[in-house]
Each structure stands twice: as C-alpha cells, then as structure tokens.
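Undergrad: I have a structure I would like to understand better, so I am pasting it below and will then ask my questions one at a time.
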Amino acid sequence: MAYYTSPQAYFDEAYRHSGKKKFLFEGDSWFSIPDLANIPIQIDSLLDPSILCLANPGDTLAEISSGLQYQILDNLIKSERYGQQWDAIFLSAGANDIIGPRIQQFLTMPAAVSNDPRAYLNMARLNAALDEIAVMLGKIITIRNNSEINQTTPILVYPYVYLTPRPVAHKIFVWKVSGPWIYPYMIRAGIDDFTMRQQIVRYLIDRYFGLLSKLQAVPGSHFYVIDTRSALPPVSEEQMNKSTLFWNDEIHPSSRGYREITEKYFIPVLKSLGLA
C-alpha cells in the first residue's frame, strides 16, 4: 500500500513505491470522505499503485482552480522540481459547484406544474455556472498541457451518479456530520414531487456530462470521461429516509457502491489505457 495525502510524505518515501504506477487525485468528498472506502481507496485496494490524494470533502472547482490548492497542483504537475511524471491524474469536481448548496441559486417554481425539469431551473444562471466550470476545468487542463513532463498524462474525470434528493445526512455512528445537501433547498423552493426532484438532478448531471464530453472531444485532449451516471440503482421513494445497500446518504455511495463504481467503470478505462 502506498497511499498518501501529504506531498511531503509522498516524496519523502518515494523510494518505497517508485516502481508502482503513479496516480494523482484531486477533488471533493467522493475522493476523500474518511469513513467510507471511497474511489481512491478502492483503486488502491484493487491495483496497489502509488497514490497521492489531495482531495478534501466539500472542495469546489472554484477552490481547486485558484489560490494555494491550484499552486500545489501546478507544482506537482509542471516539472520534476516539486513534482514528477504521473501515470494518471484523477479529478472529482463539479458537483459541489452545481448540485451542492449552490443548487438553490438555480431552483425556481414555475407558474404551473410541469413534467419538464428545466421548468424548475433558472436556465440563465445554470448556463452561466456551467460556463464557469468549463473555464475552471480548462485551467487545470492547461497546467497539464504546459507541463514539461506531463503533457500527455491522461486526466480522468466522471460525472458522478444519478442521485436522489432526500433527507439523509452523512453520519458517523449516530452523529450527523454533514448534509443533506440538496433536499432542503428543493423543499424550500416548493418542489415536493419525489420523481421531479430526481429528474432535476438527472438533468443537472447530464448537463455536466455534456460539458465534460466536449472537453474530451478536443483533438489530442488526453482527457477521459468515465460515464458513471447509471452506475448505481436509484433510491426508491420507499427508501428515501434511510441508507441503502449502494447509498450511504443523500449524495455519497456506500463503500459497496464505491466498489461497484470503481470495479465496473474506473478499472476498465484504466485497463484500456494500460494502467491496470
């Protein structure tokens, strides 16, 4: 096992794991939530690579693409002075920018009940937010493109999974730690139909997937989108108040769910790139 969250510790002990595939992770709670076997932990278990994980719960693309976090990422990618040549760079970001608490900026109640999720969204604000996300992702891609040693290193991203807004917070034992992140804002906006709440989130995730796909389509992008949208079964209305086999809380899969996503979606892509 060579799993590190500190760059200094990672490089101090580089001699212990120099022969392994070198994976750099940055992002949010799907890469870092501490009490669940998240995606990097699953990859560590399945492939035994050399991992440096910079992710933190709640991080947004706005935070990752600016300030100190951006500088650290830049240093680790651009040259061997502070970094190295990576075999792959993994990014888990974007959901907190549109599906987390920021979703309240997009929600609106139409004059009449509609079957179209777009009727419940301020499309001008949403489109502007997606444009911002594209710019922020572009900054991270530019770091890689301008690197002396990582110009062709693949960046792997994913659009999360179709989740269900519901009143289930993240807990450790019996103590609430965080959340729910979406459900309260939908209720406050007057969106009380279970199916419509699911459809709104599905629409947002599809829009994010479309954005990622455009970046992947750029010739020579070395940017790979792992389509995980349907990786897990959706939560039913009867299950909306509790954890399920594949979902720990409103937005986080269970350890079993993360295993499912990693084995069936991440690992095949890594194999296709010769990284597993």
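Undergrad: Please work out which one of (1) under 26 Å from Arg259 (Cβ atoms); (2) free of Cβ contacts under 8 Å to residues at least 12 places away in the same chain; (3) not hydroxyl-bearing (Ser, Thr, Tyr) is the condition Ile187 fails and give its number.
TA: Among (1) under 26 Å from Arg259 (Cβ atoms); (2) free of Cβ contacts under 8 Å to residues at least 12 places away in the same chain; (3) not hydroxyl-bearing (Ser, Thr, Tyr), the lone unmet condition for Ile187 is (1).
Undergrad: Quick check on the stretch 171-181. Is at least one of its residues of a type in the set (Gly, Ala, Ser) and in contact with a helix residue (DSSP H, G or I) (Cβ under 9 Å, 6 or more places away or on another chain)?
TA: First, pick out the residues of the stretch 171-181 that are of a type in the set (Gly, Ala, Ser): 178-179.
Filter again for in contact with a helix residue (DSSP H, G or I) (Cβ under 9 Å, 6 or more places away or on another chain), leaving 178.
Checking the stretch 171-181: at least one residue is of a type in the set (Gly, Ala, Ser) and in contact with a helix residue (DSSP H, G or I) (Cβ under 9 Å, 6 or more places away or on another chain).
Undergrad: Additional query: Would you point out the residue of the stretch 78-99, among those that are part of a loop (DSSP other than H, G, I, E, B) and under 12 Å from the mean Cα position of the chain (by Cα), that is modelled with the highest pLDDT?
TA: Ala93
Undergrad: Working only within the stretch 37-55, note down all residues that are assigned to a helix (DSSP H, G or I) and on the phi > 0 side of the Ramachandran plot.
TA: Listed by number, the list is empty, since nothing qualifies.
Undergrad: Residues in the stretch 161-179 that are in a loop (DSSP other than H, G, I, E, B), out of contact with any Asp or Glu (no Cβ under 7 Å at 6 or more places or on another chain) and at pLDDT below 95: how many?
TA: 2
Undergrad: Restricting the search to the stretch 196-213, which residues are within 15 Å of Arg118 (Cβ to Cβ), surrounded by fewer than 19 Cβ atoms within 10 Å (Cβ to Cβ) and without any contact (Cβ under 8 Å) to a residue 60 or more places away in the chain?
TA: Asp206, Gly210
Undergrad: Would you point out the residue of the stretch 1-36, among those that are of a type outside the set (Ser, Thr, Tyr), within 22 Å of the chain's Cα centre (by Cα) and part of a helix (DSSP H, G or I), that is surrounded by the fewest Cβ atoms within 10 Å (Cβ to Cβ)?
TA: Pro7
Undergrad: Looking only at the stretch 246-257, decide whether some residue is touching a residue at least 12 places away in the same chain (Cβ under 8 Å), surrounded by fewer than 14 Cβ atoms within 10 Å (Cβ to Cβ) and on the phi < 0 side of the Ramachandran plot.
TA: No: the stretch 246-257 contains no residue that is touching a residue at least 12 places away in the same chain (Cβ under 8 Å), surrounded by fewer than 14 Cβ atoms within 10 Å (Cβ to Cβ) and on the phi < 0 side of the Ramachandran plot.
Undergrad: May I ask you to verify whether Gln216 is without any contact (Cβ under 8 Å) to a residue 24 or more places away in the chain and within 19 Å of the chain's Cα centre (by Cα)?
TA: Yes: the conditions hold for Gln216.
Undergrad: Name the single residue that is nearest to Ile51 (Cα to Cα) among those in the stretch 219-276 being in a loop (DSSP other than H, G, I, E, B) and among the charged types (D, E, K, R).
TA: In this case the residue turns out to be Asp227.
Undergrad: State which residue is nearest to Ile99 (Cα to Cα) when the search covers only the stretch 13-48 and only residues that are touching a strand residue (DSSP E or B) at 6+ places or on another chain (Cβ under 6 Å) and without any contact (Cβ under 8 Å) to a residue 60 or more places away in the chain.
TA: The selected residue is Pro40.
The values are calculated or read from the model by the stated rules, or taken from the named source; none is laboratory data. Only a predicted model underlies this, so the values are computations on that prediction, with no experimental measurement involved. No Cβ is skipped: glycine too gets one built from the backbone with ideal geometry, and neighbour counts run over all protein chains shown.
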